[in-house]
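**Student:** What follows is a structure written as structure tokens; I'll ask about it next.
The values are calculated or read from the model by the stated rules, or taken from the named source; none is laboratory data. All of these numbers come straight from a predicted model, not from anything done at the bench. Note that each Cβ is placed from the backbone with ideal geometry, even for glycine, and that neighbours are counted across all protein chains shown. Side chains included, ligands, DNA and RNA excluded: accessible areas come from the protein's heavy atoms. Shrake-Rupley method; radii C 1.70, N 1.55, O 1.52, S 1.80 Å.
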Amino acid sequence: MSMRTLLVTGAAGFIGSNFVRMLARRREPVRIIALDKLTYAGNLANLADLLGDQVTFVRGDICNAELLDHVASEYRVSEVVHFAAESHVDRSILGSGPFVTTNVIGTQVLLDLAKNRKLDKFLYVSTDEVYGTLPEDQPDVKFTEETPLQPNSPYSASKAGGDCLVRSYFHTFHLPVLTTRCSNNYGPYHFPEKLIPLFVTNLMEDKQVPLYGDGKNVRDWLYVEDHCDAIWTVLNKGKFGEAYNVGGNNEMTNRQITEIILREMGKPWDKYVRYVQDRPGHDRRYAIDASKIKRECGWEPKFRFPEAIKTTIQWYRDNESWWRQIKSGEYLKYYDTQYGGR
Ligand code: NAD
Ligand code: DAU
């Protein structure tokens, strides 16, 4: 049997690069073609130390069918693991065009590649946000794979568009697809526009942290390596045509997260927390029922939040040049637009 060759899209982003790193560290017997457009969120530095015999980097856009076909043929790609996306909800509110282009059309172009070249597997990294929002006063209610898709932001609507296209290629063309829908990740290489890395790096710069609304929105936080392990598990043990929820069973309000980060970094609440205007359409609560992936694939999270958040904060302390380079140029323009320059 020939070697499996994975086309990993969005491989220079947060989760994609952690996924490639995990497979390389574990010496999994696969070849990896790490494809990325290198948008503002993509950073070759996330992958630089991994490039070599096992991992090849290709710069390219998932909307470019010709390029994808060339890459698939040249490297004999056998499977696709599709992370590439515009991923930040706040940016999708400022402008949704790139979200529809990459998350919907890009996914369709990749699906056609898999169909035309009869690839062995296609895994779509979806999100729990496709399910919409949950009430905070019914803690027993969680998203299951049967929960209807009711996306509320342009970001989640575009991810749901990709999710539905993946489903349709299974039903119509019997494409061997798999879908994962994961909750909020945290960990190394997380772009400092998202809650945890934004707050940690702002505090390292002795700046305030902007908490949206009343700070009581709830997310289920999962360490990124657990998500990567879940994706690898589903790629190997999942049933084609099925979606799998992935979660940390670790619901927390944004206030709780903020308190933990402040305590860990020795900064007082009153001086450093600034309540700012809420995100329009802000989903109140996400919670994941991840019993299916445990039952069918044997996956469950290994990392615990109290330790993994410390590891994460330490990573930002040890890698100051990584995030300081990001927090310049285009980032500053975005920060001004989003937070009024403070
Ligand atoms: P990210 O923004 O850090 O990385 C996305 C990567 O995709 C970047 O490297 C970017 O350059 C690349 N990219 C964007 N448009 C592209 C295009 N047209 N062609 C090729 N590459 C392109 O995002 P992330 O947090 O690593 O998320 C990865 C995937 O996981 C996304 O599909 C996201 O929806 C999903 N997801 C994320 C989370 C989370 O908590 N971060 C949770 C569940 C699911
Ligand atoms: O649930 C999975 C999703 O998690 C992924 O699909 C997305 O790609 C990823 O970005 C993430 O979306 P969220 O909107 O939940 O993550 P974010 O880090 O942007 O925000 C987390 C919570 O913190 C949310 O309730 C909004 C709040 N927040 C965020 C920022 C950036 C603040 O209070 N202040 C902020 O400045």
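**Student:** How far apart, in nm, are two points set 7 Å out from the Cα along the Cα-to-Cβ line at Gln54 and at Val276?
**Tutor:** Once both label points are built, they end up 3.9 nm from each other.
**Student:** Another question, then. Between Asp214 and Leu94, take the C-beta separation as r, use R0 = 25 Å, and let me know the FRET efficiency to the nearest 0.05. Display every interim value, and only then the final one.
**Tutor:** Working: r = 23 Å, r/R0 = 0.90.
Between Asp214 and Leu94 the formula returns 0.65.
**Student:** Also, I was wondering about something else. Can you pull a Stokes-Einstein diffusion coefficient for region 217-342 at 10 °C (1.306 mPa s), Rh from Kirkwood over Cα pairs, as a whole number of µm²/s? List each step's numbers first, then the result.
**Tutor:** Values: Rh = 17.4 Å.
Once the numbers are plugged in, D ends up at 91 µm²/s.
**Student:** Debye sum, Cα scatterers, region 1-49, no solvent: what log₁₀ I/I(0) at q = 0.19, 0.25, 0.26, 0.31 1/Å?
**Tutor:** -0.56, -0.89, -0.94, -1.20
**Student:** Could you give me the radius of gyration and the Dmax of the chain, taking only the C-alpha atoms into account and expressing both in angstrom?
**Tutor:** Rg, Dmax (Cα atoms, Å): 19.3, 62.
**Student:** Subtracting the Cα-Cα distance from 0.36 nm times the residue separation, let me have the gained length for Thr144 to Glu66 in nm, one decimal.
**Tutor:** 24.3 nm
**Student:** Additional query: Would you compute, for the Cα atoms of region 169-289, the largest minus smallest coordinate along each principal axis and list the three values in descending order, in whole Å?
**Tutor:** If we take the Cα atoms of region 169-289, the spans are 56, 28, 22 Å.
**Student:** Percentage of Cα-Cα pair distances in region 149-216 greater than 18 Å, rounded to whole percent? Before the final figure, lay out each step's value.
**Tutor:** Working: 1371 of 2278 pairs.
Tail of P(r) above 18 Å: 60 percent of Cα pairs.
**Student:** In whole Å, how far is the Cα centre of region 219-235 from that of region 62-113?
**Tutor:** 21
**Student:** Also, quick follow-up: Just want the answer: with Cβ charges of +1 for Lys and Arg and -1 for Asp and Glu, which residue in Leu165, Val177, Ser17 is farthest toward the dipole's positive end in the chain?
**Tutor:** The one lying farthest along the dipole's positive direction is Ser17.
**Student:** What shape does region 99-145 take by its C-alpha gyration tensor, where a ≥ b ≥ c are the square roots of the eigenvalues and a/c under 1.5 counts as rounded, a/b above b/c as prolate, and the rest as oblate? Intermediate values should be presented prior to the final figure.
**Tutor:** Details: a/c = 6.32, a/b = 2.36, b/c = 2.68.
Here region 99-145 falls in the oblate category.
**Student:** Also, I was wondering about something else. Of all accessible surface on the chain at a 1.4 Å probe, what whole percent is carbon and sulfur?
**Tutor:** Numbers: 7200 of 14740 Å².
Accessible surface attributable to carbon and sulfur in the chain totals 49 percent.
**Student:** Taking a probe of 1.4 angstrom, what is the accessible area of Ile105 in Å², to the nearest 10?
**Tutor:** Accessible area of Ile105: about 80 Å².
**Student:** Divide, for region 216-262, the radius of gyration over alpha carbons by 2.2 N^0.38 Å, where N is the residue count. Intermediate results must be reported in sequence, preceding the final value.
**Tutor:** On the way: Rg = 14.1 Å, N = 47, 2.2 N^0.38 = 9.5 Å.
Compared with the compact-globule rule of thumb, region 216-262 sits at 1.48.
**Student:** Let me ask another. How far, in nm, would the chain grow between Asn319 and Arg25 when pulled straight, counting 0.36 nm per residue and subtracting the alpha carbon separation?
**Tutor:** On the way: separation 294, 0.36 × 294 = 105.84 nm, distance 1.97 nm.
Stretched fully, the Asn319-Arg25 segment lengthens by 103.9 nm.
**Student:** Can you give the accessible area per residue of region 148-307, in Å², using a 1.4 Å probe? Display every interim value, and only then the final one.
**Tutor:** Values: 6450 Å² over 160 residues.
Per-residue value: 40 Å².
**Student:** Whole-Hz ³J(HN,Hα) for each residue in region 292-307, computed from phi via Karplus 6.51 cos²θ - 1.76 cosθ + 1.60 with θ = phi - 60°, x for glycine and proline: what do you get?
**Tutor:** Rounded to whole hertz, the list is 5, 5, 5, 5, 8, 10, x, 8, 8, x, 10, 8, 9, 4, x, 7.
**Student:** Please compute, for the alpha-carbon atoms of region 44-122, the extent along each of the three principal axes and give them in descending order in Å.
**Tutor:** 39, 33, 20
**Student:** Still on this structure, please answer the following. For region 6-163, what percent of Cα pairs sit more than 24 Å apart?
**Tutor:** Working: 4585 of 12403 pairs.
For region 6-163, the share of Cα pairs beyond 24 Å comes to 37 percent.
**Student:** Once both labels are modelled 7 Å past Cα along the beta-carbon direction, what's the Glu264-Tyr339 spacing in nm?
**Tutor:** Inter-label distance under the simple model: 1.7 nm.
**Student:** Determine the relative contact order of the chain: mean sequence separation of Cα pairs under 8 Å and six or more apart, normalised by residue count, in whole percent. Don't skip to the end; give the middle numbers.
**Tutor:** Details: 619 pairs, mean separation 58.0, N = 342.
Result for the chain is 17 percent.
**Student:** If r is the Cβ-Cβ distance from Asn116 to Ser291 and R0 is 35 Å, what FRET efficiency results, to the nearest 0.05?
**Tutor:** Details: r = 36 Å, r/R0 = 1.03.
That pair, Asn116 with Ser291, gives E of 0.45.
**Student:** Further question on the same structure: So how long is each side of region 76-227 along the principal axes, counting just the alpha-carbon atoms, biggest first, in Å?
**Tutor:** Principal extents (largest minus smallest coordinate, Cα): 52, 36, 31 Å.
**Student:** Any idea what the alpha-carbon Rg over 2.2 N^0.38 Å comes to for region 33-86? Kindly include the intermediate steps, with their values, before the conclusion.
**Tutor:** Details: Rg = 11.2 Å, N = 54, 2.2 N^0.38 = 10.0 Å.
Against the compact-globule rule of thumb, the ratio is 1.12.
**Student:** How big is the gap, in Å, between the Cα center of region 246-297 and the Cα center of region 150-203?
**Tutor:** That distance is 17 Å.
**Student:** Amide H to amide H under 5 Å from Phe57: which residues, 5+ apart in sequence or cross-chain, H placed 1.01 Å off N in plane?
**Tutor:** Result for Phe57 returns Ala34.
**Student:** Moving on. What percentage of all Cα-Cα pairs in region 285-327 are separated by more than 11 Å?
**Tutor:** Working: 672 of 903 pairs.
Tail fraction, whole percent: 74.
**Student:** Listed here are the pairs Lys302/Lys327; Lys207/Lys267; Lys115/Lys239; Lys118/Lys239; Lys159/Lys194; Lys37/Lys310; which of them are more than 21 Å apart at the Cα?
**Tutor:** Lys302/Lys327; Lys37/Lys310
**Student:** Under 13 Å Cα-Cα from Lys292, which aspartates and glutamates qualify once same-chain neighbours fewer than 8 residues away are excluded?
**Tutor:** Correct list for Lys292: Glu145, Glu146, Glu242, Glu300.
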